[in-house]
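Asks: Structure in structure tokens, see below.
The values are calculated or read from the model by the stated rules, or taken from the named source; none is laboratory data. Since this is a predicted model, take the numbers as computed values, not measurements. Please note: Cβ atoms are built from the backbone with ideal geometry, for glycine as well, and neighbour counts cover all protein chains shown.
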Amino acid sequence: MKVLVTGGAGYLGLNVVHYLDPVSQPGNPNPTEVIVLDTQSAPEGYLNNFGVTFHDQIMVRFVEGDVCDFAEVRRLAEQVDVIFHLAFVVGGPACKSNPDKATRLALVGTENVVRAAQGKMIVFSSSDAVYGNEANGLCNEDTPCHPASLYGQLKLQCEEIVKASPEYCILRLPSNFGVSAAMRWDNLVHYLFKQLSERGNVSISDPQITRTLIDVRDAARAFNFVLDNQEKTSGKTFHVASGAWTKREIAETIVRIIGGTIVYDQTFIDPDARNFTLDCSAIKQIGWYPKFSLEDGIRCLQANLTSTRDK
């Protein structure tokens, strides 16, 4: 099996590559081959540190390039069987601060992937941001979408572009948390974790709001699951999540693990006030289940922080 991962040198992408091994036995005569297309190269030392888990089953090649370059995307797409499309300006604030770049990367990049795929399976990384701030309670994949941010709007537009392909699967992911070789600190769990680590307390507003989240390892496992179950997942959209917690529960879990106190600040208005739970029963019915908890991810963050300080 040969897979192209656009945006594969980013926070989620590197974990997806790390989990792209459908066969656990060493010496697999048909190893997975992965081509990563990204505007940045792999973080320094990435293959040296993590590549040992790939050598017998997986071969990885990083290509510095732009998904908006159709000739490059087509050249690489011709070499693979499946495309994982992750290239995106991720997050509401990032899209808002650079809307032209975000729009071009999303729309031109996705159109290029669909054109270059020529009917090959495309697995697109979407977001629960497509539902916006109006959604409440339990959302399934048919819940109406009313994106409140440019990020959510672009994800929804790209979903429609991807659906033009005869073979596709859309994974709607909530906010990620956990360790990656290309860390992000602007998502909810990481922001609170860093806040507490740096000053000994964490400040939250609207503690009753529920946020659905996913450990980045569970997200990566979901892409690998689709790769192994193309017949069951083709032409479908799935929610994938590790669980749902209130902001109070998230803060309390972080405090319980690393110490500190919680400060409740109701003067702060959260611009990303999503307050719903994703119904993941559709993908669970065909065999995917989360493996990691919020506590698992926070303990990994703690271990990573300790390791970084010790170097």
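Asks: If you go through the stretch 127-137 one residue at a time, how many are at pLDDT 95 or above and surrounded by fewer than 22 Cβ atoms within 10 Å (Cβ to Cβ)?
Replies: Residues that pass the stated criteria total 0.
Asks: Do any strands (runs of 3 or more DSSP E) lying entirely in the stretch 26-126 carry at least 2 residues that are at pLDDT 95 or above, under 24 Å from Asp218 (Cβ atoms) and touching a helix residue (DSSP H, G or I) at 6+ places or on another chain (Cβ under 6 Å), and which ones are they?
Replies: It comes to 82-85.
Asks: Within the stretch 127-139, how many residues are under 21 Å from Cys169 (Cα atoms) and in contact with a helix residue (DSSP H, G or I) (Cβ under 7 Å, 6 or more places away or on another chain)?
Replies: So the count comes out to 4.
Asks: Something else: Can you report the number of residues in the stretch 127-146 which are part of a helix (DSSP H, G or I) and not small (Gly, Ala, Ser)?
Replies: Total meeting the criteria: 3.
Asks: Go through Ser242, Ser281 for me and flag whichever is touching a Phe, Trp or Tyr at 6+ places or on another chain (Cβ under 8 Å), modelled with pLDDT of 95 or more and either on the phi > 0 side of the Ramachandran plot or among the hydroxyl-bearing types (Ser, Thr, Tyr) (or both).
Replies: Ser242
Asks: Is there any pair linking a residue in the stretch 63-77 that is within 11 Å of Asp38 (Cβ to Cβ) to one that is surrounded by fewer than 18 Cβ atoms within 10 Å (Cβ to Cβ) and of a type in the set (Asp, Glu), with Cβ under 9 Å and at least six apart or on different chains, and which?
Replies: Val63/Glu72; Gly65/Glu72; Asp66/Glu72
Asks: Moving on to the next point. Give me the residue from the stretch 134-193 that is of a type in the set (Val, Ile, Thr) and in contact (Cβ under 8 Å) with a residue 40 or more places away in the chain and, out of that set, farthest from Gly297 (Cα to Cα).
Replies: Going through the qualifying residues, I end up with Ile161.
Asks: Looking at the stretch 274-307 only, could you name the residues that are more than 22 Å from Arg184 (Cα to Cα), of a type in the set (Ser, Thr, Tyr) and assigned to a helix (DSSP H, G or I)?
Replies: The answer is Ser281, and nothing else.
Asks: Here's a follow-up. Can you report the number of residues in the stretch 214-229 which are assigned to a strand (DSSP E or B) and among the polar types (S, T, N, Q)?
Replies: So the answer is 0.
Asks: Let me ask another. Pairs, please: C-beta under 6 Å, at least 6 apart or cross-chain, first residue on the phi > 0 side of the Ramachandran plot and of a type outside the set (A, V, I, L, M) and in the stretch 258-274, second exposed (fewer than 13 other Cβ atoms within 10 Å of the Cβ) and modelled with pLDDT of 85 or more?
Replies: Gly260/Gly200
Asks: Among residues belonging to the stretch 160-204 that are closer than 30 Å to Val263 by Cα and aromatic (Phe, Trp, Tyr), point out the one that is surrounded by the fewest Cβ atoms within 10 Å (Cβ to Cβ).
Replies: Out of the qualifying residues, it is Trp185.
Asks: The conditions are (1) in a strand (DSSP E or B); (2) modelled with pLDDT of 95 or more, and Arg211 fails exactly one of them. Which is it?
Replies: (2)
Asks: On the given criteria, is Val23 at pLDDT below 65 and either within 18 Å of the chain's Cα centre (by Cα) or surrounded by 14 or more Cβ atoms within 10 Å (Cβ to Cβ) (or both)?
Replies: yes
Asks: Could you say whether any residue in the stretch 98-109 is in contact with an Asp or Glu (Cβ under 9 Å, 6 or more places away or on another chain), surrounded by fewer than 18 Cβ atoms within 10 Å (Cβ to Cβ) and either basic (Lys, Arg) or touching a residue at least 12 places away in the same chain (Cβ under 8 Å) (or both)?
Replies: Looking for residues that are in contact with an Asp or Glu (Cβ under 9 Å, 6 or more places away or on another chain), surrounded by fewer than 18 Cβ atoms within 10 Å (Cβ to Cβ) and either basic (Lys, Arg) or touching a residue at least 12 places away in the same chain (Cβ under 8 Å) (or both), one finds none in the stretch 98-109, hence no.
Asks: Looking at the structure I just gave you, is Thr233 surrounded by fewer than 22 Cβ atoms within 10 Å (Cβ to Cβ), farther than 15 Å from Phe292 by Cβ and either in contact (Cβ under 8 Å) with a residue 40 or more places away in the chain or of a type in the set (A, V, I, L, M) (or both)?
Replies: In short, no.
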